[in-house]
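**Student:** Handing you this structure, nothing more for now.
The values are calculated or read from the model by the stated rules, or taken from the named source; none is laboratory data. As the structure is a prediction and not an experimental result, all values here were calculated from the model. Here Cβ is always computed from backbone atoms with ideal geometry, including for glycine, and neighbour counts include all displayed protein chains.
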Amino acid sequence: MEQPEQNIATGLQQPEPAAQIQAPPVAEPQAPAAPQPQMMPSDSGDLVFDVEKVSCYYSAFRAVTDVSLSIHENEITAFIGPSGCGKTTVLRTLNRMNDLVPGARVEGDIRYRGASLYGKDVSPIAVRRRIGMVFQKPNPFPKSIYDNVAYGPRINGERNKRKLDEIVEHSLQQAALWDEVKDRLNKSGLGLSGGQAQRLCIARTLAVEPDVVLMDEPCSALDPIATGRIEDLMREIKSRYTIVIVTHNMQQATRVSDRTAFYSVLRNEESDTRTGVLVEYGRTQQIFEDPHDERTKAYVTGRMG
Amino acid sequence: MSTVTQQAGPAVPAGPARPLSERRPLGDRTFQIIALASGLLVLVILVLIAVSTTQQSSSWFTTEGWGIFGKTWNPAANQFGALAFIYGTAITSVIALVMAVPVSVGIALLLTEVVPYRWARPIVYVIDLLAVVPSVVWGLWGILVFAPWIQHIYSDIGSAVKGVPVLGALFGPPTSGPSFFTAGIILAFMITPIITSLSREVIATVPAIDKEGAYALGATRMEMITGAVWPHSKGGITGAVLLGLGRAMGETIAAALVIGSSAQITSHLFAPGYNMPAVIANQFGEATGEFRAALIGLGVLLFAFTIIINVIARAIVGRSAEQGTA
Amino acid sequence: MAAITEPQLGPNLQEPTGWRRSKNRIATVLMVLSFVLVIIPLVFVLYTVIAKGISIISWQFLTSPIPPQVAPADEGGIGPAVLGTIEITAIAALMAVPLGILGAIYLNEYGGKGVLARLIGFFSDVMTGVPSIVMGLFLFSIWVLHFGFSGFAGALALACLMLPIVIRSTDEMLKLVPNPLREGSYALGATKARVTITVVLPAAIGGIVSGALLAIARAAGETAPLLFTILTVTAANPNVFSGANTAIPSQIFANATSPYPGAQGRAWGAALTLIAIAFVLMIVARFITARFTRYSR
């Protein structure tokens, strides 16, 4: 096991000498008590994220309680659960988008390839350049299609026109949009249909070559055909990226994801508050066919009838 | 150990693998500082205005003391009592408000409650056109066209009410085209756009459910306005009126041209008069020493009055906007 | 929303009669009357200015030197004043517009609900109510007394007038930019400055520019601030930074009190020029707003 001064994976300068150093995949300990969700032994690839007892607060309100899970490389992990259970909140902690909300706070530890994501010296900007995000409602910039995709590389310092052309084409191809727009790259991104706009946003995210792509209900604003294309896209690019997707659609989770995390809402009768909890996390097949927790069972069977 | 990115496409480097811990880029911080400084400029300028003008006029304040409110303004005799101008400012502003407020509120209600959407745009254009006429053009038209024309009306009214108890004092002779009243009318034209547009904004914050509630009870439009719109907007409209007052008080050039340039305190509204901004504009050219200090001092008074009025007005408008949408 | 008038079956559904109805009608009439009352002077002013000015205006008028006041109307023109207005207003805009935009960026993107931001925003609004004559006296006290009269001093005064207007209108425009656009930019790893400059500003630029144009139109027509800063002269002075200068509104003011018909005629011509400038700027501003503000699908 090396003792690098600089972690090659993340390029993180080790802030504290006693910090954890990235190790090869380790067997996860079994979770102790009942409220804790089952942890799966990692049996494939590296851990990209290691989330440990994370709670998220918006000012005094505790939105999510004690979430622990790990995201594996080159897999699609789905977060499912009813509304208000904190799945999007957890997702947004993975690329520090919650930093933008005043009063938002994260407790617990989130490690990205071994380095603490919320460490003292960590720059959210650098985080987001590695961990991209696609939003629920497509949000193309009011710029041309080309400029939308080229935006990320440009702010990273890429100026060479030919390189940018290559990046734009490659990204749009990965997003399965190239053929439809290659003749109108100068047209405004606002003029695309919903499904196209979302693929544009995906292309835009891929253009900076992130390590991870987070998707917050990317298909909920789209029609079934557009949804299908994006699901194809996800399967296609998964070998090059790690994907975490929040979805309301359980069939979607079964179609595309390798692992699934089921969240639910915990109601505190006394204080009349609700908070999100992670109920169960495991391989998708297991979650849907043989859920361990009663609540999981109720959710997945209730919906599928 | 895995690498950060695995590329299947052309080998396009994403730049050197930057550390996750970057200090905040210098450009980002600089930009924030520049933006903050620009914002602070507003406060700085306001303070500088107060300080520099007070400094320049301090000799007037210290020499006259409370005499700044004296009745006699005679530069030749070194007497600088400003009461006549304060009076003139008050009178012309009141006249302007009395005429402008009902009209402005009426138009605001017209636009928000009466007129179908398609007609609203042209009406707003007209109001904008009114707003865009520069003060000096109002003054030019006022002195060369309007004042001579209205002079006849004044003298007719004047001779008609001569001797009548209250009316005679207000509207009796002496009359003159350039006068308090003429200045008041022109000021009314000029402050209408601002009162109208602010009243519109205020009325727009009235919750639709309140209006619908009134209609649902079978109210006519006027009844809905008095019952649902007015209670919500009266605060804000008061604020809008105050802002109009501030504008009227400070409006210089139009007043300077049509007010008659005669420093006197009289109840006769059709008589020539003077107000603060007009005397400053008209007499500054020849002023030196304490004369000039006195004129700048009038400016300080004007600044103080308008700031106070604006602060109160904005506080009211801001507060009622919040309450309206609560 | 008038009541429905049904044929006489069942309950009486006719409009309220008598006093209620009259009150409503009268109110409506009064409101329409208010509008008419406002159109009348506007039409008169515009008509007079156009009628009296149109015969004076010509390219020659706009470029010829300023003659003595006694000269007949068709002699000379307002050339120096046009030059002065263009230069002085341009410099004022160059100062006020960028600073105003930056100030609005602070208010909207950085300041948020903080005390300082609310203070700046509040006093920005208050500052729009400061009389223009006070700005003139201010610049006189703080600049002219040390550096003499100049077009630049006038530009400073106009810039002080424009600053809060630009801040307010830009702030409104920035507020309209939808947050998902900012989020999309942040998610790609942009710093706040980058997000603001590369996404927010371009999205709002239509409204910002049109707001700036309206502020410029307002500044171009102002006379009072210039009275104390440029010391109206009749000779052309292309050097904005030293020496007295003149501008179109200043000339109008000077000629308005003149007994000579020639001078008055030139005043009308100048007034028409000023109104035309303001009008053109207003129209361009509307056009830009209509064409260039679109933020999301």
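**Student:** Go through the residues of the stretch C:232-241 one by one and say whether even a single one is under 18 Å from C:Leu158 (Cα atoms) and at the interface with another protein chain (Cβ under 10 Å from one of its Cβ atoms).
**Tutor:** Yes: one or more hits.
**Student:** Out of the residues in the stretch C:47-60 that are modelled with pLDDT of 90 or more and in contact with a helix residue (DSSP H, G or I) (Cβ under 7 Å, 6 or more places away or on another chain), which is farthest from B:Val145 (Cα to Cα)?
**Tutor:** C:Ile54
**Student:** Taking the condition in the same structural domain as C:Val284 (by TED's automatic domain parsing) and buried (at least 24 other Cβ atoms within 10 Å of the Cβ), does C:Ala215 pass?
**Tutor:** Against the criterion (in the same structural domain as C:Val284 (by TED's automatic domain parsing) and buried (at least 24 other Cβ atoms within 10 Å of the Cβ)), C:Ala215 qualifies.
**Student:** Scanning for something within 30 Å of B:Ile49 (Cα to Cα), surrounded by fewer than 22 Cβ atoms within 10 Å (Cβ to Cβ) and within 12 Å of chain B (Cβ to nearest Cβ), does the stretch C:172-188 turn up at least one residue?
**Tutor:** Among the residues of the stretch C:172-188, at least one is within 30 Å of B:Ile49 (Cα to Cα), surrounded by fewer than 22 Cβ atoms within 10 Å (Cβ to Cβ) and within 12 Å of chain B (Cβ to nearest Cβ), which makes the answer yes.
**Student:** Among the listed residues C:Ala267, C:Ala212, C:Ala219, identify the single one that is without any contact (Cβ under 8 Å) to a residue 24 or more places away in the chain and part of a helix (DSSP H, G or I).
**Tutor:** C:Ala267
**Student:** Please state which of the following conditions A:Glu107 fails to meet, knowing it meets all the rest: (1) in contact with a strand residue (DSSP E or B) (Cβ under 7 Å, 6 or more places away or on another chain); (2) buried (at least 19 other Cβ atoms within 10 Å of the Cβ).
**Tutor:** Failing condition for A:Glu107: (2).
**Student:** Just to be sure, is A:Ala150 farther than 27 Å from B:Leu26 by Cα, within 14 Å of chain C (Cβ to nearest Cβ) and part of a helix (DSSP H, G or I)?
**Tutor:** No.
**Student:** If you check B:Ile185 against the conditions, is it under 30 Å from C:Ile252 (Cα atoms), surrounded by 19 or more Cβ atoms within 10 Å (Cβ to Cβ) and of a type in the set (A, V, I, L, M)?
**Tutor:** Judged against the criteria, B:Ile185 is a match.
**Student:** Then there is this: Could you list, in sequence order, all residues of the stretch A:158-191 that are in a loop (DSSP other than H, G, I, E, B) and either without any contact (Cβ under 8 Å) to a residue 40 or more places away in the chain or more than 23 Å from the chain's Cα centre (by Cα) (or both)?
**Tutor:** Once the filter is applied, which keeps residues that are in a loop (DSSP other than H, G, I, E, B) and either without any contact (Cβ under 8 Å) to a residue 40 or more places away in the chain or more than 23 Å from the chain's Cα centre (by Cα) (or both), the stretch A:158-191 yields A:Glu158, A:Arg159, A:Asn160, A:Leu177, A:Lys182, A:Asp183, A:Arg184, A:Leu185, A:Asn186, A:Lys187.
**Student:** Given the residues B:Ile68, B:Ile34, B:Ile49, which is the only one that is under 25 Å from C:Val144 (Cα atoms) and either facing chain C (nearest Cβ under 7 Å) or part of a helix (DSSP H, G or I) (or both)?
**Tutor:** B:Ile49
**Student:** If you take just the helices (runs of 4 or more DSSP H) that sit entirely in the stretch C:106-189, which of them hold at least 2 residues that are of a type outside the set (A, V, I, L, M), within 24 Å of C:Ala285 (Cα to Cα) and assigned by TED's automatic domain parsing to the domain that holds C:Leu213?
**Tutor:** Once the helices (runs of 4 or more DSSP H) in the stretch C:106-189 are filtered for at least 2 residues that are of a type outside the set (A, V, I, L, M), within 24 Å of C:Ala285 (Cα to Cα) and assigned by TED's automatic domain parsing to the domain that holds C:Leu213, what remains is C:115-127, C:151-176.
**Student:** Among the residues of the stretch C:199-206, is there at least one that is of a type in the set (Gly, Ala, Ser) and closer than 30 Å to B:Ile296 by Cα?
**Tutor:** no
**Student:** Taking into account only those residues within the stretch B:231-279 that are assigned to a helix (DSSP H, G or I) and of a type in the set (D, E, K, R), which is modelled with the lowest pLDDT?
**Tutor:** The qualifying residue modelled with the lowest pLDDT is B:Lys234.
**Student:** Within the stretch A:206-240, restricting attention to residues that are part of a loop (DSSP other than H, G, I, E, B) and small (Gly, Ala, Ser), which residue is modelled with the lowest pLDDT?
**Tutor:** The selected residue is A:Ala221.
**Student:** Here is a check on your reading of the model: is B:Pro148 at the interface with chain C (Cβ under 7 Å from one of its Cβ atoms) and over 18 Å from C:Leu37 (Cα atoms)?
**Tutor:** Against the criterion (at the interface with chain C (Cβ under 7 Å from one of its Cβ atoms) and over 18 Å from C:Leu37 (Cα atoms)), B:Pro148 does not qualify.
**Student:** Now a separate question. Under the condition of being small (Gly, Ala, Ser) and in contact with a strand residue (DSSP E or B) (Cβ under 8 Å, 6 or more places away or on another chain), which residue from the stretch B:245-294 is surrounded by the fewest Cβ atoms within 10 Å (Cβ to Cβ)?
**Tutor:** Looking at residues that are small (Gly, Ala, Ser) and in contact with a strand residue (DSSP E or B) (Cβ under 8 Å, 6 or more places away or on another chain), I get B:Ala263.
**Student:** Out of the residues in the stretch C:273-297 that are facing chain B (nearest Cβ under 9 Å) and surrounded by fewer than 22 Cβ atoms within 10 Å (Cβ to Cβ), which is farthest from C:Gln251 (Cα to Cα)?
**Tutor:** C:Arg286
**Student:** Could you list, in sequence order, the residues of the stretch B:116-132 that are free of Cβ contacts under 8 Å to residues at least 12 places away in the same chain and within 19 Å of B:Ile185 (Cα to Cα)?
**Tutor:** Answer for the stretch B:116-132, where residues must be free of Cβ contacts under 8 Å to residues at least 12 places away in the same chain and within 19 Å of B:Ile185 (Cα to Cα): B:Val126, B:Leu129, B:Val132.
**Student:** Another question about this same structure. Consider A:Val54 carefully, then state whether it is part of a strand (DSSP E or B) and more than 28 Å from A:Val256 (Cα to Cα).
**Tutor:** no
**Student:** Determine the pairs where a residue that is facing chain C (nearest Cβ under 9 Å), located within the stretch B:250-273, has a partner that is of a type in the set (Asp, Glu) with Cβ atoms under 9 Å apart, the partner being 6 or more residues away or on another chain.
**Tutor:** B:Ile253/C:Glu222
**Student:** For C:Gly262, state whether it is surrounded by 17 or more Cβ atoms within 10 Å (Cβ to Cβ), more than 30 Å from B:Thr288 (Cα to Cα), more than 22 Å from the chain's Cα centre (by Cα) and in the same structural domain as C:Ala157 (by TED's automatic domain parsing).
**Tutor:** yes
**Student:** For the stretch B:159-181, does any single residue satisfy the condition of being among the hydrophobic types (A, V, I, L, M, F, W, C), touching a helix residue (DSSP H, G or I) at 6+ places or on another chain (Cβ under 7 Å) and surrounded by 22 or more Cβ atoms within 10 Å (Cβ to Cβ)?
**Tutor:** yes
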